[in-house]
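In what follows, a structure is listed as structure tokens, so that the remarks can point back to it.
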């Protein structure tokens, strides 16, 4: 519907913003100046004690210096009443005594019908409540009492009862001259397929009214009293009033409670919501028997920036949470997310409150985890990552999920959080005594795994093995220093060597901690990486590493930031380190084998390991230059030849000097 020019301006002029806002806040009389229309109060949109919410009545605008909410009277009504633009205009126009412009006939007819349907629903609410007091509802009252609801609680929640009769409600409404089409249109009855009178939708059920954000009764939820009934819970069919995917149970009262600072809790069913509210957790809502939809999620975020989803401790509850994650990822915005409170296995909020009281539930709420942790848990649950391929599959799955996030800032933070969780997982496996992903080392298991500083040889090793080990460790220490310094000088290349760095056993704890910091923070850039190293190990550690002679002469240290040279250095040094340690493992094993029967297998293994180590050692010394063959058969460096030709081509011999001189 379009509004005539000037209508909104007149509406804003007639509406006092301070009066509209004053219904939702308590003004701070010490800070406010009513004569000037300068009003202050605690913000109704977020929890606070100080008065940071400012209303300028003369300009007709409000602004919160805490949460930065701002707008006019229309936007305030929209946010606090959870209504659309036209509904907010209608509310303000009615309060200001302004007639709404005439709608087109079809729109007016539809609005009138919705009003009539809502009136019929209110009649049904009253009739169901009356039936709960009859003799036919004795079993229902007993059930409700067993769930902890006395008469006063049933009245607060307007709980009723539908007798087990075919036309009880139908006859009652017809007795009030309600048109058949309205009863059927409200979903309270269904037409007979046998040509008889329509019959009641709800029979033999405890009735829970469902109200929208404006407080209108739009539907019912009915709980069957017959244990053999196929549908334990039954909702109203969808009507012009009721869209199940756009409705939440208790949304009106939950919004008020959330405005007072209570956390918004998302439970599974009606009784969970009622139990939570009765126990003091008034900001509780529930979807209506289905998984949360995108529209319901938007409704939740209009009430609270970070609702807490209460997951039942069963498989169905877990599956519902995981579906919600996939729905939520593309919709995340800065400051707007979800948290998940995990209930004990086999319990829902109602069960826990009865068994352990509000204090136990509050602990569950306080321990609610952010969505990124549940996403991570879903991807690793029940899986073993004992091979590079499985780790790569995990990385791909997580990248695909994070890519769904549209906000680049949130996507970046999710990526870093996942990287930290991945790091913690694999570091724990390697350093906690469990076998590492690469299996046990051949030179004996280490209590610290391959991430810790290596221990000395076993007491049974021969003296020659000790000598070899001491020399190897000294060389390894030098190579490790070069690798670590190269990574620090150009963190951009670290991603390409993560697997090699992860499997690199360090000769001392300082190198091990440097490696861990590099793997964890290299992706955040040079400045962040150096800051993390200095905070963890001190400035002197980094300065000492880079000042070592064998490190300082490395080309990538003399020319920091050169990705090509750095990558070449790291690749060569890792290869040498791997080959040398392979040789050491073979020597150690051979010493042990020589205590038994000697065979050719021992010497063959040593020869192969030595050959691999020598090839790795020589790889950095190979001459990679390209040559041309001169007329006399001599090999000449192609690059030097081309430089010489360029030099001579620039000389003009006819004038005895260079061309152009």
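Summary of values
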| item | result |
| --- | --- |
| Test: residue in region 52-72 that is at pLDDT below 85, exposed (fewer than 13 other Cβ atoms within 10 Å of the Cβ) and over 18 Å from residue 261 (Cα atoms) | yes |
| Any hit, region 499-512, residues being under 27 Å from the mean Cα position of the chain (by Cα) and at pLDDT 85 or above | no |
| Residue within region 160-178 that is assigned to a loop (DSSP other than H, G, I, E, B), touching a residue at least 24 places away in the same chain (Cβ under 8 Å), surrounded by 21 or more Cβ atoms within 10 Å (Cβ to Cβ) and not assigned by TED's automatic domain parsing to the domain that holds residue 357 present | no |
| Filter result (within 39 Å of the chain's Cα centre (by Cα) and in a helix (DSSP H, G or I)) within region 534-545 | 534, 535, 536, 537, 539, 540, 541, 542, 543, 545 |
| Failed item, numbered, when residue 236 is tested on (1) in contact with a strand residue (DSSP E or B) (Cβ under 8 Å, 6 or more places away or on another chain); (2) closer than 28 Å to residue 69 by Cα | (2) |
| Residues of region 253-291 that turn out to be in a helix (DSSP H, G or I) and either touching a strand residue (DSSP E or B) at 6+ places or on another chain (Cβ under 6 Å) or modelled with pLDDT under 90 (or both), as a count | 10 |
| Members of region 299-344 that are free of Cβ contacts under 8 Å to residues at least 24 places away in the same chain and out of contact with any strand residue (DSSP E or B) (no Cβ under 7 Å at 6 or more places or on another chain) | 315, 316, 319 |
| Conditions (1) surrounded by fewer than 23 Cβ atoms within 10 Å (Cβ to Cβ); (2) in a loop (DSSP other than H, G, I, E, B); number of the one not met by residue 245 | (2) |
| Any hit, region 220-234, residues being in a loop (DSSP other than H, G, I, E, B), in contact with a helix residue (DSSP H, G or I) (Cβ under 8 Å, 6 or more places away or on another chain) and touching a residue at least 60 places away in the same chain (Cβ under 8 Å) | yes |
| Test: residue 212 is in the same structural domain as residue 172 (by TED's automatic domain parsing) and either over 22 Å from residue 115 (Cβ atoms) or crowded, with 22+ Cβ neighbours inside 10 Å (or both) | no |
| Residue match in region 119-128 (condition: in contact (Cβ under 8 Å) with a residue 40 or more places away in the chain, closer than 30 Å to residue 206 by Cα, within 33 Å of the chain's Cα centre (by Cα) and buried (at least 17 other Cβ atoms within 10 Å of the Cβ)) | no |
| Selection status of residue 45, part of a loop (DSSP other than H, G, I, E, B) and in contact (Cβ under 8 Å) with a residue 24 or more places away in the chain | yes |
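The values are calculated or read from the model by the stated rules, or taken from the named source; none is laboratory data. Because the structure is predicted, anything quoted here is derived from the model rather than measured. FYI the Cβ positions are ideal-geometry reconstructions off the backbone, even for glycines, and counts take in every protein chain you see.
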